[in-house]
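Reviewing the structure listed below.
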Amino acid sequence: MNKWIKSGIFLMLMIAIAFGSSIYKKTHKIEKCDFDGVHIKPIYQVDIILKNDEVKKFDSIYCAYMWLSQNKDAVSYIRITDEVTGEKIDSSIAHYVESEIITNNVNNNKIHTFLKFEDAEKHAMSYKGRVVKNPFEKIFGGGNKDEKK
């Protein structure tokens, strides 16, 4: 094969890859953590809903906690993701487990969230963990700031 033909094929291949990559990025939005910029795995996502209805998204309990400790007055409530079903639930009704499983290698978060207490206990037993209090209680003194009792 001629040198020019090989170069032309290579150039067309590179253009196709660049074009495909551009389309992929536009059609597959990758969520980034509002605290550390790390890619959010949906199963560990934490949403903090502000009083102005803006949603801040985080990749771990740790990142949400760190951001929240500096911005608690702007917060309306917190939603976390049940790791079993992927359902978003109010943080005040969740059960939390600290275990050996790391959800974020950047900050070594080991806090997991579950809707059902049975699921939390099962995770704790399987991964050398323990059920812990809602970590957001330290900031709000309870569940969610605007929680309706």
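The values are calculated or read from the model by the stated rules, or taken from the named source; none is laboratory data. Source: prediction; values computed, not measured. Positions of Cβ are generated from backbone atoms using ideal geometry, with glycine treated the same way; all protein chains shown enter the neighbour counts.
The set of residues in the stretch 122-137 being more than 21 Å from the chain's Cα centre (by Cα) and not basic (Lys, Arg) consists of Met125, Ser126.
Consider the stretch 29-56 and keep the residues that are of a type in the set (Lys, Arg) and out of contact with any Asp or Glu (no Cβ under 6 Å at 6 or more places or on another chain). The one that is farthest from Ser91 (Cα to Cα) is Lys29.
Within the stretch 21-78, the residues that satisfy the criterion of being among the small types (Gly, Ala, Ser), out of contact with any Lys or Arg (no Cβ under 7 Å at 6 or more places or on another chain) and either farther than 18 Å from Lys110 by Cβ or outside the structural domain of Thr103 (by TED's automatic domain parsing) (or both) are Ser21, Ser22, Gly37, Ser69.
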